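Colleague: Structure incoming, see below.
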Amino acid sequence: MKKIVAFFLALSMAVVMLAGCGASQTPTTTEAPKAETKAATEAAPAAETEQKELTIAGIVFKDEFTMKMVQQGYEDAAKDYGVNLVLGNSMGDLANEQQLVYSYIDMGVDGIAITPYSEEASIPILKEAYDKGIEVAVANIKLNDASFVCGGFTSQDLLNGQKLGDYTAKYLSDKYGNDLKIAIMDFDAAIPEQSKARYGGFLEKLTANGVNYEIVAQQSSTSKNDNVPIVEAMLAGAPDCNVFYCTSAAFTNVVVQVVMNMGLSDKITVVGYDMGEQTATQLLDENSP
């Protein structure tokens, strides 16, 4: 158990309190321990030397930069702690996630590290795994009920979106006036909870900062590829767009490319959620929108 908990702590990069550790206790006076029986004394060393080889399942939900980093974290932690690792990808589908977890339950894994598909819908299957003796750790998004997980390292999509809104509100209003025309590329069709929180928080803080806006185009995509025609069509149908908000790094990379190719860099500012190597390169480009 110590080894599996240590693995999850390294994996999630967060110190967590295990059940019962935080309970307050009243100091009591105890008698001196009695001499142990010979059988107990002999059993203790045997129990200490017996080390079970642990198997951990690592699940991500997409095949893109962020999830590849999470998967690399799984692999690095497994190597550091000497445990077996099996990897799975739910591909942004709840049914796939459930099937993976059931297969790992049947396999008899000791723990599951997962980037859940949903804050709410992923809870029952993960709770079922926990009830069958499997430790569960989560990354990327929080669960609405995390009482059974042994650890986690998550971000809050709504909060991050709000921070983007706060950070960019003055810049955008100074540049375009108090009447923004916003296009949004989201992934509502794939993972609506995350997607809506990411642009909802952004829009909420624009309003809180006194910035008026109109959504002139909004399109959902379930793929990081083949989005160039979608972005081109959005911009063609919304010639007054001056802000393009992207809910993922993959979308940001494509939108920046299209805006530059269409010669609209001076007219449109691209605001992106998430970070990747290509996004960082674009930020350093003085010609990037």
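Colleague: For the structure I just gave you, tell me whether ALA146 is modelled with pLDDT under 95, small (Gly, Ala, Ser) and assigned by TED's automatic domain parsing to the domain that holds SER221.
Modeller: Taking the combined requirement at face value, the residue does not satisfy it.
Colleague: Here is a follow-up. For VAL243, state whether it is within 19 Å of TYR171 (Cβ to Cβ), modelled with pLDDT of 95 or more and surrounded by 14 or more Cβ atoms within 10 Å (Cβ to Cβ).
Modeller: The answer is yes for VAL243.
Colleague: Also, I was wondering about something else. Could you list all residues from segment 83-111 that are touching a residue at least 40 places away in the same chain (Cβ under 8 Å) and either in a helix (DSSP H, G or I) or farther than 17 Å from LYS68 by Cα (or both)?
Modeller: Across segment 83-111, the qualifying residues are VAL83, LEU100, VAL101, TYR104, MET107, GLY108, VAL109, ASP110, GLY111.
Colleague: Does segment 181-194 contain at least one residue that is loosely packed, with under 15 Cβ neighbours inside 10 Å, assigned by TED's automatic domain parsing to the domain that holds VAL256 and charged (D, E, K, R)?
Modeller: Looking for residues that are loosely packed, with under 15 Cβ neighbours inside 10 Å, assigned by TED's automatic domain parsing to the domain that holds VAL256 and charged (D, E, K, R), one finds none in segment 181-194, hence no.
Colleague: Something else about it: Going by what's in this entry, would TYR167 be described as more than 21 Å from the chain's Cα centre (by Cα), of a type outside the set (A, V, I, L, M), surrounded by fewer than 16 Cβ atoms within 10 Å (Cβ to Cβ) and closer than 30 Å to VAL70 by Cα?
Modeller: Yes.
Colleague: Return the residue satisfying two criteria in turn: it lies in segment 259-276 and is in contact with a helix residue (DSSP H, G or I) (Cβ under 8 Å, 6 or more places away or on another chain) and farther than 20 Å from GLU64 by Cα, and of such residues it is modelled with the lowest pLDDT. Break it down stepwise before answering.
Modeller: Keep residues of segment 259-276 that are in contact with a helix residue (DSSP H, G or I) (Cβ under 8 Å, 6 or more places away or on another chain), which gives 259, 262, 264-265, 268-276.
Remaining after also requiring farther than 20 Å from GLU64 by Cα: 259, 262, 264-265, 268-270.
Working: VAL259: 95, MET262: 96, LEU264: 96, SER265: 92, ILE268: 97, THR269: 96, VAL270: 96.
For segment 259-276, the residue satisfying everything is SER265.
Colleague: Determine, yes or no, whether TYR117 is in contact (Cβ under 8 Å) with a residue 12 or more places away in the chain and closer than 22 Å to GLU64 by Cβ. Lay out the reasoning, then the answer.
Modeller: Values: in contact (Cβ under 8 Å) with a residue 12 or more places away in the chain: yes; closer than 22 Å to GLU64 by Cβ: yes.
Here the answer is yes, as TYR117 does meet what is asked.
Colleague: Just wondering, is there one or more residues in segment 57-74 that are modelled with pLDDT of 80 or more, at negative phi, surrounded by fewer than 18 Cβ atoms within 10 Å (Cβ to Cβ) and part of a loop (DSSP other than H, G, I, E, B)?
Modeller: Yes: one or more hits.
The values are calculated or read from the model by the stated rules, or taken from the named source; none is laboratory data. Just so you know, these numbers come straight off a predicted model, no measurement behind them. Ideal geometry is used to build each Cβ from the backbone, glycine not excepted, and the neighbour counts take in all protein chains shown.
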